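Engineer: Below is the structure I would like to discuss, written out as structure tokens.
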Amino acid sequence: MFGEDVKSQVTLNLPRDKLSSYVAIYTTLINPITKYALNLTPTIIAIRNNVSWKYSKRFTHMLVGTSLLISTLIVAMAIPLFGSIMALAGALLSVTVSILVPSVCYLKISGAYKRFGCEMMINCIIIVIGVVIVVVGTCSSLVDIVQNL
């Protein structure tokens, strides 16, 4: 629509003198930070609950959270292909756990695999789409890793 003037990142295409552009840019900056903190929270709680601490819960939570955050940052910076390896793990494991296993378990538990019907067809379609996602995501991650070696 805008031809060759379109930049690779959406936020770079926004006008610089508008308040709405600043809101959009800062929202895109804050969003990953909050999601990372939310993803770390169960790990922090598990570590905090399994280790007896002499200090207050608030101090323990901050200490464990900060050290876990810093350690993952160091690992991400120390391993050159960390993003590609995480993409591989996400494509292979996350899709398997969140799409394939629930559908297969549902078919097995409900016994819907024994009778041909709409329920079985929908679950089979979900399983086929999940397998395609796993294969394509895994292959593209492996290609990216091999290219960057």
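No lab work stands behind these numbers, since they all come straight from the coordinates. Quantities reported herein were computed from a predicted structural model and do not represent experimental measurements. We place every Cβ from the backbone using ideal geometry, glycine too, and count neighbours over all the protein chains shown.
Engineer: Can you put 21, 71 in order of Cβ neighbours within 10 angstrom, beginning with the fewest?
Structural biologist: Going from least to most buried by this count: 71, 21.
Engineer: Scan region 47-111 for trypsin sites (Lys or Arg not before Pro) in coil per DSSP, keeping those whose Cβ has at most 14 other Cβ atoms within 10 Å, and list them by number.
Structural biologist: On the way: sites: 48, 54, 57, 58, 108; in loops: 54.
Passing sites in region 47-111 are 54.
Engineer: Test of understanding: what is the full-extension gain from residue 104 to residue 75, defined as 0.36 nm times their sequence separation minus their Cα-Cα distance?
Structural biologist: On the way: separation 29, 0.36 × 29 = 10.44 nm, distance 3.49 nm.
Extra length from residue 104 to residue 75 when fully extended: 6.9 nm.
Engineer: On to the next question. Within the chain, which DSSP H helices have Cα atoms that stretch 20 Å or more along the helix axis and a mean Kyte-Doolittle hydropathy of at least 1.6? Each step should come with its number before you reach the end.
Structural biologist: Working: long enough: 19-50 (47 Å, 0.54); 57-78 (31 Å, 1.23); 118-147 (43 Å, 2.10).
Counting only whole DSSP H runs, the qualifying helices are 118-147.
Engineer: Another question, then. When each pair of different Cα atoms in the chain is counted once in the 1/r mean, what is the Kirkwood radius in angstroms, to one decimal?
Structural biologist: On the way: mean 1/r = 0.0500 Å⁻¹.
One decimal place: 20.0 Å for the Kirkwood radius.
Engineer: Take the alpha carbon gyration tensor of region 80-149, find the square roots of its eigenvalues, order them as a ≥ b ≥ c, and report rounded if a/c is under 1.5; if not, report prolate when a/b exceeds b/c, else oblate.
Structural biologist: Working: a/c = 5.55, a/b = 3.02, b/c = 1.84.
It is prolate, given that a/c is not under 1.5 and a/b is the larger ratio.
Engineer: Label residue 21 and residue 37 with points 7 Å out from Cα along Cα→Cβ: what is the distance between them in nm?
Structural biologist: Between residue 21 and residue 37, the label points sit 2.8 nm apart.
Engineer: Run lengths n ≥ 4 of DSSP H only: what is the helix-derived mean residue ellipticity at 222 nm for the chain, with -39500 (n - 2.57) per run over all residues, to the nearest 500? Before the final figure, lay out the partial values.
Structural biologist: Numbers: 5 runs with 102 residues, N = 149.
My calculation for the chain gives -23500 deg cm²/dmol from helical runs alone.
Engineer: If I model a spin label as a point 7 Å beyond the Cα along the Cα-Cβ vector, how far apart are those points for residue 124 and residue 48 in nm?
Structural biologist: Taking the two extended label points, one gets 4.9 nm.
Engineer: Taking neighbour counts of Cβ atoms within 10 Å as a proxy for exposure, in what order, fewest first, do 64, 135 appear? Working shown, then result.
Structural biologist: On the way: 64 19, 135 13.
So the ranking, lowest neighbour count to highest, is 135, 64.
Engineer: So if each residue of separation counts as 0.36 nm, and I subtract the Cα-Cα distance between residue 133 and residue 114, what length gain in nm does that give? List each step's numbers first, then the result.
Structural biologist: Values: separation 19, 0.36 × 19 = 6.84 nm, distance 2.59 nm.
My answer for the length gained is 4.2 nm.
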